[in-house]
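Structure first, then comments.
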Amino acid sequence: MKKRFLVIAAALLIVIGIQVKNAVFIEYKVEGVSMNPTYQEGNTLLINRFAHHFQTIHRFDILLFKGPEKDVFIKRVIGLPGETLKYVDDQLYINNKPVKEPYLDDLKEVTAGGDLTGDFTLEEVTGEKRVPQNHYFVLGDNRIHSYDSRHFGFVSDKEIVGIVAERIDKK
């Protein structure tokens, strides 16, 4: 009797755990090349749908969000609310201080010294001097082939679907 109860309790916990996982996480299949080399087309990512409601979004987090025409995009957070931002000679400056982007190292080798990110200021591409409150400036890692905040502006926290938790395929 005791063994049967334990088996039923374990099975119930597994079912509840699966339901909680499915409520919190969704799978997303990468389309396009804008996040190369970090993620390639066809990679499957696990997206935490609630993390951005309970924790602060940090620079370099990767977001899934609804963009123009309600298309879904995956991009990296570069600018946070209240910050100034610019690129000069392929160097990111946040509030006039240089910031390293180590995830771009592999791409820089491929370009053989060419710029990945053209020079621009936040004001030039958005008309704003600072990232507005509750908004983020996002870029794809593959800057040359990315449709991102340089084109469609800031991402509102209301448009965020979730934060990438991990890549679940091991290709």
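Since every read-out is calculated from the coordinates, none of them should be taken as a lab result. Bear in mind that the values here come from a model prediction, so they are computed numbers and not experimental data. Cβ sites come from the backbone with ideal geometry, for glycine too, and all protein chains shown count toward neighbours.
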So which of Lys29/Lys66; Lys70/Lys129; Lys97/Lys129; Lys66/Lys97 end up more than 22 Å apart, counting from Cα to Cα?
Lys70/Lys129; Lys66/Lys97
Given a Förster distance of 41 angstrom, what is the FRET efficiency for Lys2 paired with Ala165, based on the Cβ-Cβ distance and rounded to 0.05?
0.65
Can you tell me the order of 62-75, 93-106 when each peptide is scored by its average per-residue count of other Cβ atoms within 10 angstrom, highest first?
62-75, 93-106
Roughly what would the spin-label model give for Lys129 and Asp157, points 7 Å off Cα along C-beta, in nm?
2.4 nm
Distance in nm between Glu69 and Thr44 label points, each 7 Å along Cα→Cβ, equals 2.8 nm
If one compares the long axis through the Cα atoms of helix 2-24 with the longest principal axis of the Cα atoms of the chain, the angle in degrees, nearest 10, works out at 20 degrees
In Hz, Karplus ³J(HN,Hα) per residue of the range 63-79 (6.51, -1.76, 1.60; θ = phi - 60°; x = Gly, Pro):
9, 9, 8, 8, x, x, 6, 6, 5, 9, 10, 10, 8, 9, 6, 10, x
Non-local amide H neighbours of Gly162 (under 5 Å, H modeled in plane, Pro and chain starts lacking H): which ones?
Leu64
